[in-house]
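Have a look at the structure below, then the notes.
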Amino acid sequence: MKAIPKAALSGSLKDYRVSKNSGLMSRADSFFSWQDLRRQHDLWPYARSTSSAPQPRSEIRSDAGKASSGVNFASQDYLSLASHPRIKAAAMEAIDKYGVHSAGSAALLGNTAYSLQLSAAFSEFLGGREVVLYPTGWAAGYGAIQGFVRSDDHVVMDILAHSCLQAGAAAATQKVHYFRHLDVEAAARRLANIRSADTKNDILVVTESVFSMHSDTPDLRALRSVCDTYGASLLVDCAHDFGCMGEDGLGHIGQQEMLDEIDIIIGSFSKTFASNGGFVAVKTRAAAEYLRYYSAPHTFSNALSPVQAATVLEALSIIRAGEGKELRHKLRDNVTHLRESMARSGREVLGEPSPIVPVRVGGEALGRLASKYLSIFAGLANLVEFPAVPLGQSRFRFQVMAGHSAEDVDTMVAAFNGAMDSASAELGQIQAGAGARETAVSEAD
């Protein structure tokens, strides 16, 4: 077995964010050296590519070109719609009618009949809200905050809010305040402190309906009450549950009966709707029109392509029909089976049931070794490590599909247990060897 250097098992992306090297381009050198060291020892599990459709069993390649295959819990296709025959037919029909390109921003002739139909269909699904479409979910999150918030306003945000929300807030104002994850009382204290000094300017409170690294959800009604007390607006990003959770497909917003209580709803098409793209839903035509012309990613990015809009429109049709409810039930059953099977195996499963099942590993070195072995055991899942999660709390984020079978789940649990056992054994050998070398050096001295 080739010896693994300590540097490949330690360190994080955060270490190379700010480099001591001079020169804009040369600052990348130290990061690449660390990254490539991990790559050489099969410890770099990112930037992999699929060699087949993102289905329950898939073929992939590492970014070094190494092929593998296995049961796939690494793709975001929660209702297994990406290869649905109706979806593919809708995409091909759109290509026949429009070609593949919107050829303009939504402000400048980039809309198509499909995007207009999609806006109307989502408006109906969301109880009559006005819907603004974006080319990506990230753009929707960023654009909603950057579009509405001004420099004198305040943003009060869950500390674990997605990077698009944090970037949008940073672009809009320097008055960004964070509160402890899911802590409504902490949010209330932030708002009280702001209002004690500023009774004039607006406040936007920002959270998510499902947090993707923890699979947990806030008490939206309690947050709404706090917003009302202090005169704040509420934004909820529902990227990971909208369409794929709840009897009606409205996710936690529907389950908590909060559809009418949220000022700004953000969603993504890339998890459940078989395409890229996103949306922002607001309560008035005035707010939607304002966003269209003051939200940079909407005005200055090309609109959704006709293929994307047609795909999402067909996906929404399936989601709202009986087939969609059946797929959500299958997804729910698979999530329950995976969570319970992992727990029975002695693994620490985080959060609440959702299409994301995070399983804690712990130290970064163990996580990297486990990721290497998981591919060997024919399992595909994504390792998440610091700084995306706290230091020493690396985890695997298993993403469940409606199309997974019970056998797929069992296969993944067995693969993960095998990977963890092998990783623990190798890490023990590495640590024992390091201890022996330190003892030898000490005795020689």
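Miscellaneous remarks
- Residues of segment 213-241 classified as within 21 Å of residue 333 (Cα to Cα) and either in the same structural domain as residue 349 (by TED's automatic domain parsing) or touching a Lys or Arg at 6+ places or on another chain (Cβ under 8 Å) (or both), total: 3
- Test result for residue 331, assigned by TED's automatic domain parsing to the domain that holds residue 145 and more than 23 Å from residue 112 (Cα to Cα): no
- Which listed residue is outside the structural domain of residue 97 (by TED's automatic domain parsing), among the acidic types (Asp, Glu) and closer than 30 Å to residue 44 by Cβ, from 340, 364: 364
- Yes/no for residue 79 being more than 30 Å from residue 387 (Cα to Cα), within 23 Å of the chain's Cα centre (by Cα) and touching a residue at least 60 places away in the same chain (Cβ under 8 Å): no
- Filter result for residue 241 (in contact with a Gly (Cβ under 7 Å, 6 or more places away or on another chain), part of a loop (DSSP other than H, G, I, E, B) and modelled with pLDDT of 95 or more): yes
- Matching residues, segment 63-76, being of a type in the set (Gly, Ala, Ser) and touching a residue at least 40 places away in the same chain (Cβ under 8 Å): 68, 69, 70, 74, 75
- Filter result for the condition that a residue is without any contact (Cβ under 8 Å) to a residue 24 or more places away in the chain and either farther than 16 Å from residue 309 by Cα or surrounded by 14 or more Cβ atoms within 10 Å (Cβ to Cβ) (or both), over 29, 42: 29
- Restricting segment 143-172 to residues that are under 21 Å from residue 281 (Cβ atoms) and acidic (Asp, Glu), the residue that is nearest to the chain's Cα centre (by Cα) is 158.
The values are calculated or read from the model by the stated rules, or taken from the named source; none is laboratory data. This structure is a prediction, so every number in the text was calculated from the model and none was measured. With ideal geometry, Cβ positions are generated from the backbone for all residues, glycine too; neighbour counts draw on all protein chains shown.
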